[in-house]
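Visitor: Before I ask anything, let me first share the structure, which is written out below as structure tokens.
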Amino acid sequence: MFSKVVGTSVPRADALEKVTGSALFIDDLRFPRTLIMKVMRAGVPAANIKSLSISKAQSMPGIHKVFTGKSLNLDKNHLFGTCIFDQPPLAIDKVRHAGEVIAVVIAETEKQALAAIKKIEVDLEELPFVLDPIIAARKESPLIHEKNGHYRHVPTFVPIPETNIFYKYQLKKGEYENVFKDAEVTVEDKFEYPLMNHAAIEPHGAIARWDHTGELHLWSSSQAPFVLREVLADYFKIKQMTKIHIHIPYLGGGFGGKSDYTIEPLVVLAARQVPGYHVKFVLTRKEVFIGSVLGRGMKGRMKIGAKADGTLTGIKATQYFSDGAYGDTGCNVVLAAGHNCVGPYFFPNCDLKSFGVYTNSTPVGAFRGYGHPEGQFMIERLLNKLALELNIDPNDLRMKNFLKPGDTNSLGQAITDHNGDIRKCFTQTVAKLDEISLPPEDEKYYYGRAVVGLIKSPVQTANASSNVFLKFNEDLTINISIGGVELGQGCLTVLAQIAADKLQKSVDDIRINYEINTQLTPYEWQTVASMTTMRVGNAIIAACDRAIMKFKKNAAEVWNCSLTDIVYDGTKVSYQDKTIDLKDLVLGYQYPDGHTVGNPILSTGSSVVRNVTFPDLETGQYQPYEWTYGSQGVDLKVNKNTGKITVLHFVTALDAGKIINPRLAEGQVTGGVMQGIGQALKEKIIYDESGIMTTTNLRRYAIPRLSDMPRKYSCIFVETPQPDGPYGARPIAEHPALGPPSAILNAIQRATGVSFRSIPVTQEWMLQALKEGGI
């Protein structure tokens, strides 16, 4: 008897492989004729390369190839990208950040490669550098890219030539030139969200080989194999994508840090120097910090206006993003941050600017939340300031101004009932916290409570699609091939549940193939934007519907009847009083004399985002995809003597539509909250006065530990169905990381009276602020 599994906590499909160590990640892969690649990095944030001598290194034992940009005759036009083509695979004549590669060694062993690097002689002429995005945006700052404004770029990303601003986004709504004309009170402040590292458990890695027919094979720890294929085809002038094989094994976490290309173009360039060999490059933990991509990095100012009763009337915000030495991987974060900084609130008038700025630091790319946490940190902190100014309860202020059906958001989109119920999320968060009374201040501790709202849209290209191949086997088990990457989020399990319910089969009969090979796997834009369940789930439903229809077509040829009269139930098809087992139809129906009618059951399914547009160059308005609302709240205590901040209870309520697998969804929430707590209280990339990063390992760059976990977690799901989501589901993965920083800082202020405008609020900083009586 078939039993529905959507909405139940089916165990993870990949659990056994991962707990036994049999799951293969990039560094587990072994191939014959494999060479090891190591790199020399600049070690200074800005410099002209006067000379690089590699002859001594090339003569070392076991060395197959040593090269630099100049030795390969690369010029300033050897650049890759997707939106802004501004990055070479390694520095050619100019260094733009300290972690930039200036030379590559390919050797038989790691030890030989590292020894050869020490023999490379380098002469660098150091240049002035700039790390602060606001300073870098000034016209008098050192110019990091002289060609800014002349690089190839897509039309919607407009740079400001002869500056370090590679992208300016402005969103205008209503009376944008006079946003505070109806305001009776205004509040404003400056904020900072620092640079951070994703700290995925698995470092970036890649293995590349060019065979003697000119075909490229690349194994990579990437969330975006098809974007990677596009980038490599463009850079290496490969005219036929059939000559590119991108393979993706399991990923040990990504959080967006593996959705952007990082080391792959350089590894492929290295492999081209030794055709027939596999060239393997896996970053050390330090290299992950200095030589891949970082996240966040915003300095901004926000001002909001309101009526005396708390009704919001206008908002003006400016955000500067420290996007590092190259801008392509950061430009869409700038876009998302610009229009999402209003949070889930209705403002009739908006003037919102965000700037992507070149700085002499590690490039910035996607990070869980993708531009949403930065701006929503500002609005949630500023709403508390407004509540104090008006002497209004901050929860009442939020409830009064949440978006509701009939309102328009910052982009001018009309809000409807199916967008979700943020008021229900918020009231349930408040109610859950109220179940346990917050203790009064005592001799040792201050206690604080705060609740914030959140909203997230998936940021994706306007034609993003997911596609699947489905095959019924002779025993009625099903293989489904997808292009989405399993990086720990549980997509193999959730997608199997969707297929099982649609096909009326046991989830144990469904195998979602995790191995990705762009030659064989259907196209998937990227595994980003929390869209895998929604977009791939819809593609699977489409493929299942086609497979069911093919069973019916096979049976209709036997019975000579209409398809609409045939009933499918997962084990057989029926017509009036006749039945045929699916096993007798799966390869076509074979009569006793041997002749066969019908066809084997193979199908495809696709899901393409609809009605998504590019930003208007004048107003900045455009149509993204659907939204997920939520609310988060915290109870905490602050030790008066030590400054230690302890999270007592953290509540998350999300309206994510139908929850396909509650246990996995709760795991996503728990992980996201911990990431947000880490950002609020611990995590920050630090550069010293010479422009060198000092937080290059997990001792100096503090991430949350088990001891930092809240004493109590609460997770609430409000399930307003998404009309075009699989079984009504909508995105959920990134959202839990959005609210913790603002909720925690608001609670600290309620507890101690100390108002912080930047994170992380470390124990040391908290103690200092308590001693000084404010901040």
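Visitor: Kindly list the number of the only condition in (1) outside any strand (DSSP E or B); (2) open to solvent by 10 Å² or more (accessible area, probe 1.4 Å) that fails for Lys353.
Guide: Only one criterion in (1) outside any strand (DSSP E or B); (2) open to solvent by 10 Å² or more (accessible area, probe 1.4 Å) is unmet by Lys353, namely (1).
Visitor: Another question, then. Residues in segment 356-396 that are in a loop (DSSP other than H, G, I, E, B), surrounded by fewer than 24 Cβ atoms within 10 Å (Cβ to Cβ) and in contact (Cβ under 8 Å) with a residue 60 or more places away in the chain: how many?
Guide: Matching residues across segment 356-396 total 1.
Visitor: Would you kindly identify the strands (runs of 3 or more DSSP E) lying entirely within segment 598-690 that contain at least 3 residues that are in contact (Cβ under 8 Å) with a residue 40 or more places away in the chain, hydrophobic (A, V, I, L, M, F, W, C) and in contact with a strand residue (DSSP E or B) (Cβ under 8 Å, 6 or more places away or on another chain)?
Guide: Working: elements: 602-608, 628-639, 645-655.
Per the criteria, 628-639, 645-655.
Visitor: Based on what the data block shows, is Arg449 modelled with pLDDT of 95 or more, closer than 30 Å to Thr313 by Cα, open to solvent by 10 Å² or more (accessible area, probe 1.4 Å) and part of a strand (DSSP E or B)? Spell out the reasoning first.
Guide: Numbers: modelled with pLDDT of 95 or more: yes; closer than 30 Å to Thr313 by Cα: yes; open to solvent by 10 Å² or more (accessible area, probe 1.4 Å): yes; part of a strand (DSSP E or B): yes.
Against the criterion (modelled with pLDDT of 95 or more, closer than 30 Å to Thr313 by Cα, open to solvent by 10 Å² or more (accessible area, probe 1.4 Å) and part of a strand (DSSP E or B)), Arg449 qualifies.
Visitor: Looking at (1) open to solvent by less than 10 Å² (accessible area, probe 1.4 Å); (2) part of a helix (DSSP H, G or I); (3) out of contact with any Pro (no Cβ under 9 Å at 6 or more places or on another chain), find the lone condition where Pro265 falls short.
Guide: (3)
Visitor: Please identify the pairs in which a residue from segment 747-774 that is open to solvent by 40 Å² or more (accessible area, probe 1.4 Å) has its Cβ atom under 6 Å from the Cβ atom of a residue that is modelled with pLDDT of 95 or more and among the aromatic types (Phe, Trp, Tyr), counting only partners at least 6 apart or on another chain.
Guide: Going by the 6 Å Cβ cut-off, the qualifying pairs are Arg757/Phe191.
Visitor: Checking Phe2 against (1) within 29 Å of Phe289 (Cα to Cα); (2) touching a residue at least 60 places away in the same chain (Cβ under 8 Å); (3) among the hydrophobic types (A, V, I, L, M, F, W, C); (4) surrounded by fewer than 20 Cβ atoms within 10 Å (Cβ to Cβ), only one condition comes out false. Which one?
Guide: The one condition Phe2 does not meet is (1).
Visitor: Right, something else. If a residue must be open to solvent by 20 Å² or more (accessible area, probe 1.4 Å) and under 30 Å from Ile480 (Cα atoms), how many such residues does segment 7-50 contain?
Guide: Summing the residues that are open to solvent by 20 Å² or more (accessible area, probe 1.4 Å) and under 30 Å from Ile480 (Cα atoms) in segment 7-50 gives 22.
Visitor: Based on what the data block shows, is Asn513 within 29 Å of Gly253 (Cα to Cα), open to solvent by 20 Å² or more (accessible area, probe 1.4 Å) and modelled with pLDDT of 95 or more?
Guide: Answer is no for this residue.
Visitor: Report every pair of residues separated by at least 6 positions or lying on different chains whose Cβ atoms are under 7 Å apart, first residue within segment 132-148 and open to solvent by less than 50 Å² (accessible area, probe 1.4 Å), second of a type in the set (Asp, Glu).
Guide: That search, which allows pairs on different chains as well, returns His145/Asp86.
Visitor: Looking at (1) surrounded by 15 or more Cβ atoms within 10 Å (Cβ to Cβ); (2) touching a strand residue (DSSP E or B) at 6+ places or on another chain (Cβ under 7 Å); (3) closer than 30 Å to Pro721 by Cα; (4) not charged (D, E, K, R), which is the one condition that is false for Leu582?
Guide: Just one mismatch for Leu582, condition (3).
Visitor: Answer yes if at least one residue in segment 708-717 is under 21 Å from Phe377 (Cβ atoms) and in contact with a helix residue (DSSP H, G or I) (Cβ under 6 Å, 6 or more places away or on another chain), and no otherwise.
Guide: To start, the set of residues in segment 708-717 that are under 21 Å from Phe377 (Cβ atoms) comprises 708, 710.
With the extra rule that they be in contact with a helix residue (DSSP H, G or I) (Cβ under 6 Å, 6 or more places away or on another chain), the set shrinks to none.
Within segment 708-717, not a single residue is under 21 Å from Phe377 (Cβ atoms) and in contact with a helix residue (DSSP H, G or I) (Cβ under 6 Å, 6 or more places away or on another chain).
The values are calculated or read from the model by the stated rules, or taken from the named source; none is laboratory data. For clarity, every value in this text was computed on a predicted model and none was experimentally measured. Note that each Cβ is placed from the backbone with ideal geometry, even for glycine, and that neighbours are counted across all protein chains shown. For accessibility, only protein heavy atoms count, side chains too; no ligands or nucleic acids. Shrake-Rupley method; radii C 1.70, N 1.55, O 1.52, S 1.80 Å.
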